[in-house]
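Shown next, in structure tokens, is the structure this report addresses.
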Amino acid sequence: MSGLLRFVASLAIVLVAAATPVYAQEPAGHVKTVSGTAMIVRASGTTPAKPGEPVFATDTLRTAADGAVGVTLKDDTRVSLGPNSEMKVDRYVYTPGEGGLGMVLKFVRGVAVYVSGRMAKLSPDSIRLETPSAIVGVRGTTVAIKVGD
């Protein structure tokens, strides 16, 4: 009977580990600066953005009328959102030693500034900045984005 209990306990551990989201292990970056009201929206709910808070692939950043937030990603890419803005980190992979490079940032509304990091130097074609009406390819630069109504 104790062998069956060990098997059930082991199976439960494997199932819990398999159900744990991948993003729980490795953040894409961190919040660096916040002023006013800024939120991080993820599958587990909405949390106030604060300096040091991890940002994961699939997270959405939102600011209110009084808000602004700055994020630094693992490759030193920097993104700043102004008031009434929203951006989704749709994809982020940065494992250059394994050949894994890719970033898709979807700007939904508002204003943002993007400053490219190491990924743009290593593989500029692996980065896409998307808005509702355009897709921008990055070639190692600073880009200001404004998405209107």
- Taking Val138 as meeting all but one of (1) among the hydrophobic types (A, V, I, L, M, F, W, C); (2) within 16 Å of Lys88 (Cα to Cα); (3) in contact with a helix residue (DSSP H, G or I) (Cβ under 6 Å, 6 or more places away or on another chain), write down the number of the exception. (2)
- From the residues in the range 35-54 that are surrounded by fewer than 21 Cβ atoms within 10 Å (Cβ to Cβ) and among the hydrophobic types (A, V, I, L, M, F, W, C), which one is nearest to the chain's Cα centre (by Cα)? Val41
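Tell me the residue from Arg62, Arg91, Arg128, Arg78 that is of a type in the set (Lys, Arg) and over 17 Å from Ile40 (Cα atoms), please. Full working, then the answer.
Numbers: Arg62 fails: over 17 Å from Ile40 (Cα atoms); Arg91 fails: over 17 Å from Ile40 (Cα atoms); Arg78 fails: over 17 Å from Ile40 (Cα atoms).
The unique qualifying residue is Arg128.
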- In the range 125-149, what count of residues is obtained for those that are open to solvent by 40 Å² or more (accessible area, probe 1.4 Å) and either part of a strand (DSSP E or B) or basic (Lys, Arg) (or both)? 8
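Could you list, in sequence order, all residues of the range 96-119 that are open to solvent by 50 Å² or more (accessible area, probe 1.4 Å) and either over 24 Å from Pro132 (Cα atoms) or assigned to a loop (DSSP other than H, G, I, E, B) (or both)? Lay out the reasoning, then the answer.
From the range 96-119, those open to solvent by 50 Å² or more (accessible area, probe 1.4 Å) are 96-99, 106, 108-109, 111, 113, 118; that's our starting set.
Across the range 96-119, the qualifying residues are Pro96, Gly97, Glu98, Gly99, Arg118.
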- Task: Name the single residue, out of those in the range 55-74 being buried (at least 16 other Cβ atoms within 10 Å of the Cβ) and in contact with a Pro (Cβ under 8 Å, 6 or more places away or on another chain), that is nearest to Val143 (Cα to Cα).
- Result: Ala68
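Taking the condition of being hydroxyl-bearing (Ser, Thr, Tyr) and in contact with a Leu (Cβ under 6 Å, 6 or more places away or on another chain), how many residues in the range 126-141 meet it?
If we filter the range 126-141 for residues that are hydroxyl-bearing (Ser, Thr, Tyr), which is where we start, we get 126, 131, 133, 141.
Add one more test, that the residue is in contact with a Leu (Cβ under 6 Å, 6 or more places away or on another chain), and what stays is 126.
Number satisfying all stated conditions: 1.
Kindly check whether there is at least one residue in the range 61-76 that is part of a loop (DSSP other than H, G, I, E, B), without any contact (Cβ under 8 Å) to a residue 60 or more places away in the chain, closer than 24 Å to Gly148 by Cα and β-branched (Val, Ile, Thr). Lay out the reasoning, then the answer.
Of the range 61-76, the ones part of a loop (DSSP other than H, G, I, E, B) are 64-67, 74-76.
With the extra rule that they be without any contact (Cβ under 8 Å) to a residue 60 or more places away in the chain, the set shrinks to 64-67, 74-76.
From the residues that got through so far, the ones that are closer than 24 Å to Gly148 by Cα too are 64-67.
If we keep only those that are β-branched (Val, Ile, Thr) too, we end up with none.
No, because not a single residue in the range 61-76 is part of a loop (DSSP other than H, G, I, E, B), without any contact (Cβ under 8 Å) to a residue 60 or more places away in the chain, closer than 24 Å to Gly148 by Cα and β-branched (Val, Ile, Thr).
The values are calculated or read from the model by the stated rules, or taken from the named source; none is laboratory data. Keep in mind that this is a model prediction, so the values were computed, not measured. A quick note on method: Cβ atoms are made from the backbone with ideal geometry, for glycine too, and the neighbour counts reach across all protein chains shown. These accessible areas exclude ligands, DNA and RNA; they are computed on the full protein's heavy atoms, side chains included. Shrake-Rupley method; radii C 1.70, N 1.55, O 1.52, S 1.80 Å.
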